[in-house]
Amino acid sequence: MNGFKAISNISDFIGYSYPNIFYLECKSHKGASLPLVNISQYEKLVTKVGIKGVRVGVILWLYEKDRVFYIPISTITALKKDGKKSVGIKAVEEGYNIIEIPSVKKRVFCDSDYSVLLNLKEGE
């Protein structure tokens, strides 16, 4: 993160594990869902969709619920297209393509196993 307003990165994290590159935006939210308007990097992340070997998504930590999710940017696009205003537990129950990251609550934070992201299919 940079404190300057003119600086804007495509995502919070860029990771690489052969043969995939990951663009991950990280969000935490108090309630059971995150308003889609809070995903400020959406327009930049969408530009990476469709490139072979590129995985683009949002890591969402709902800290009151102690749950961590990976939401592919294609799912966020589908939610917007369907007129939804937020993404969270209800979207998981409705069957949207959202992957729960296995997590164990420690004293304050969760210890999460992000290795499940290595098994993502094309377009997730």
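Condition check: of a type in the set (D, E), more than 13 Å from S33 (Cα to Cα) and assigned to a strand (DSSP E or B). Does E124 satisfy that? Before you say what the answer is, go through the steps one by one.
Values: of a type in the set (D, E): yes; more than 13 Å from S33 (Cα to Cα): yes; assigned to a strand (DSSP E or B): no.
Against the criterion (of a type in the set (D, E), more than 13 Å from S33 (Cα to Cα) and assigned to a strand (DSSP E or B)), E124 does not qualify.
Scan region 111-121 for residues that are assigned to a loop (DSSP other than H, G, I, E, B) and of a type outside the set (A, V, I, L, M) and jot them down. Working first, answer last.
Within region 111-121, the first condition is being assigned to a loop (DSSP other than H, G, I, E, B), and the residues that meet it are 113, 120-121.
Answer for region 111-121, where residues must be assigned to a loop (DSSP other than H, G, I, E, B) and of a type outside the set (A, V, I, L, M): D113, K121.
Surrounded by 15 or more Cβ atoms within 10 Å (Cβ to Cβ) and without any contact (Cβ under 8 Å) to a residue 40 or more places away in the chain: does that describe L62?
Details: surrounded by 15 or more Cβ atoms within 10 Å (Cβ to Cβ): yes; without any contact (Cβ under 8 Å) to a residue 40 or more places away in the chain: yes.
Yes.
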Only one of I59, I71 that is at pLDDT 95 or above and in contact with a Gly (Cβ under 6 Å, 6 or more places away or on another chain): I71
Residue within region 95-113 that is within 26 Å of S8 (Cα to Cα) and either small (G, A, S) or touching a His at 6+ places or on another chain (Cβ under 6 Å) (or both) present: no
All positions within region 50-92 that are of a type in the set (D, E, K, R) and within 16 Å of L36 (Cβ to Cβ): K80, K81, D82, K84, K85, K90
Contacts under 6 angstrom Cβ, first residue in region 96-108 being on the phi < 0 side of the Ramachandran plot and surrounded by 17 or more Cβ atoms within 10 Å (Cβ to Cβ), partner assigned to a strand (DSSP E or B) and of a type in the set (A, V, I, L, M, F, W, C), 6 or more apart: I98/F69; I98/I71; I101/V68; S103/V68; S103/C110
Number of positions in region 5-24 that are of a type outside the set (V, I, T), touching a strand residue (DSSP E or B) at 6+ places or on another chain (Cβ under 9 Å) and closer than 18 Å to E122 by Cα: 6
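The values are calculated or read from the model by the stated rules, or taken from the named source; none is laboratory data. These numbers were taken from a predicted model, which means no experiment stands behind them. Counting neighbours? That spans all protein chains shown, and the Cβs are built from the backbone with ideal geometry, glycine included.
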